[in-house]
Amino acid sequence: EAGVVQSPRYKIIEKKQPVAFWCNPISGHNTLYWYLQNLGQGPELLIRYENEEAVDDSQLPKDRFSAERLKGVDSTLKIQPAELGDSAVYLCASSTSSATNTGELFFGEGSRLTVL
Amino acid sequence: TQLLEQSPQFLSIQEGENLTVYCNSSSVFSSLQWYRQEPGEGPVLLVTVVTGGEVKKLKRLTFQFGDARKDSSLHITAAQPGDTGLYLCAGRSNDYKLSFGAGTTVTVRA
């Protein structure tokens, strides 16, 4: 069974440019997460989807970040315009459901963004 | 500010030695998970603990959940170079939100 697929793996852009990341979760997983991870730090939640509904986007900087999961399957995270401080790894994860105490998150390999 | 504090931040030991990593919080969690992350990869689940005082063993790894469900520890016996990685604890609150600690970077030297 295929795992969580993310693309691109690496992206280098100039500040003020837009960038987009794509994630395809494990088939049948209703819940999809986007996390931001700085070097040597733990993942920080940006947004959580249940099917196509964003149920927790409280940590998403909405002035420059946007996300969508139109058909409740794959998802796109966009940054426009990018700032130097956005350099990080953007991780996508999926799970069968978030309404559980024991649910396992399956992570993709991440998209590493460098803003120059 | 991290909801979960992990210590130490870095740990470097010789192969065959034992190590313990700690995860502490002032909050009560309905469950706690430990993940391991290798460079260039996403975190991978090692264990989930649910009951206060619970101890789980996974080969050379022993996980304990505090009685009050606010803290946890991970003990590795006879560490091997393959145990090298970033160890992350993650606590799930009553609204099912999962929060990660900053992680402990473990390096096991051959």
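Throughout, read-outs are computed from the coordinates displayed, never taken from laboratory work. All of these numbers come straight from a predicted model, not from anything done at the bench.
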In chain A, how many lysine pairs have Cα atoms under 15 Å apart, counting only pairs 8 or more places apart or on different chains? 4
Can you run the Rg to Rh ratio on chain B? Use alpha carbon positions and the Kirkwood inverse-distance Rh. 0.96
For the stretch A:1-83: relative contact order, % (alpha-carbon pairs under 8 angstrom, 6 or more apart): 32 percent
Its Cα gyration tensor gives chain A an equivalent ellipsoid whose semi-axes in whole Å, largest first, are 23, 14, 13
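Hey, could you grab the Kirkwood Rh for the stretch A:67-110? Inverse mean 1/r over distinct alpha carbon pairs, Å, one decimal.
Values: mean 1/r = 0.0786 Å⁻¹.
It works out to 12.7 Å.
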Taking θ as phi - 60°, what are the ³J(HN,Hα) couplings along the stretch B:54-64 by the Karplus curve (6.51, -1.76, 1.60), each to the nearest whole Hz, with x for Gly and Pro? 5, 10, 10, 10, 10, 6, 8, 9, 10, 10, 10
What aspartates and glutamates does B:LYS70 reach when the alpha-carbon gap must be under 14 Å and sequence neighbours fewer than 8 apart in one chain are set aside? B:GLU5, B:GLU54
D (µm²/s, integer) via Stokes-Einstein for the protein assembly as shown, Kirkwood Rh across alpha-carbon pairs, 10 °C, 1.306 mPa s: value 88 µm²/s
A:SER87's amide H: which non-local residues (gap 5+, or another chain) put their own amide H closer than 5 Å, with H modeled 1.01 Å from N in plane and none for Pro or chain starts? A:VAL115
If you take the Cα atoms of the stretch B:1-65, find Rg, then find the Kirkwood Rh from the mean of 1/r over all pairs, what is Rg/Rh? 0.96
Please list, ordered by chain and number, the residues whose modelled amide H lies under 5 Å from the amide H of B:ARG69; skip anything fewer than 5 residues away on the same chain. B:GLY53
Here the stretch B:43-52 yields Karplus 3J(HN,Hα) values (6.51, -1.76, 1.60; θ = phi - 60°; whole Hz; Gly and Pro given as x) of x, 10, 5, 9, 7, 10, 10, 10, 9, x
